[in-house]
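Inspection log for the structure reproduced underneath, given as structure tokens.
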Amino acid sequence: MGAAQGQAVKIVVTGAGGQLGHELVEAASAQGHQVRGLTRADLDVTDSAAVRATMQREKPDVVVHAAAWTAVDACESDRDKAFLCNGTATGYVAAAAREVGARVVYISTDYVFDGKKPTPYVESDVPNPQSVYGAS
């Protein structure tokens with residue numbers, strides 16, 4: 001991976017048109033990494049063939065998957081689209097990354113939890129989504 005040794009890493013960021021994705025591209029670039037930010041116009045993550053072709057072409061060391069359909073209320077109205085964009089597409093990205101030997105950093109949401117825990121959530125906490133968006 002090289003980053004631990006202070007070497008530049010080749011990173012692909014999906015969802016680079018969003019606020020978080022944009023900031024991730026900027027931060028990684030500022031640290032000297034070779035970053036390819038992909039917006040929705042660059043890559044439809046719901047198209048498995050396009051995702052695979054992109055990963056084969058880019059051959060990243062790391063994929064930061066920040067693409068998501070974050071319209072919480074709209075997800076409630078269109079469950080199929082929510083699961084395609086936020087669930088199935090994530091599987092496409094992970095599988096394509098695995099094929100090229102890239103590690104995946106997945107950006108999730110606090111909506112996977114029910115909000116009842118009195119202390120901050122950690123990665124090992126059991127999800128309990130209360131909405132389609134959180135479940136997707």
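The values are calculated or read from the model by the stated rules, or taken from the named source; none is laboratory data. Not measured: the values here are computed from a predicted model. Glycine also receives a Cβ, built like all others from the backbone with ideal geometry; neighbour counts cover every protein chain displayed.
Does Val64 fit the bill of being within 16 Å of Lys10 (Cα to Cα) and among the β-branched types (Val, Ile, Thr)?
Yes: the conditions hold for Val64.
Report, by residue number, each residue of the range 109-120 that is of a type outside the set (A, V, I, L, M, F, W, C), in a loop (DSSP other than H, G, I, E, B) and touching a Gly at 6+ places or on another chain (Cβ under 9 Å).
Hits for the range 109-120 are Thr109, Asp114.
For the range 79-136, give me each residue that is of a type in the set (Phe, Trp, Tyr) and closer than 20 Å to Ala16 by Cβ.
Tyr92, Tyr106
May I ask you to list the residues in the range 110-136 that are under 16 Å from His65 (Cβ atoms) and surrounded by fewer than 15 Cβ atoms within 10 Å (Cβ to Cβ)?
If the condition is that a residue be under 16 Å from His65 (Cβ atoms) and surrounded by fewer than 15 Cβ atoms within 10 Å (Cβ to Cβ), then Glu123 is the only one that fits.
Would you say Thr70 is at pLDDT 95 or above, of a type in the set (S, T, N, Q) and touching a His at 6+ places or on another chain (Cβ under 9 Å)?
So Thr70 does not fit the description; no.
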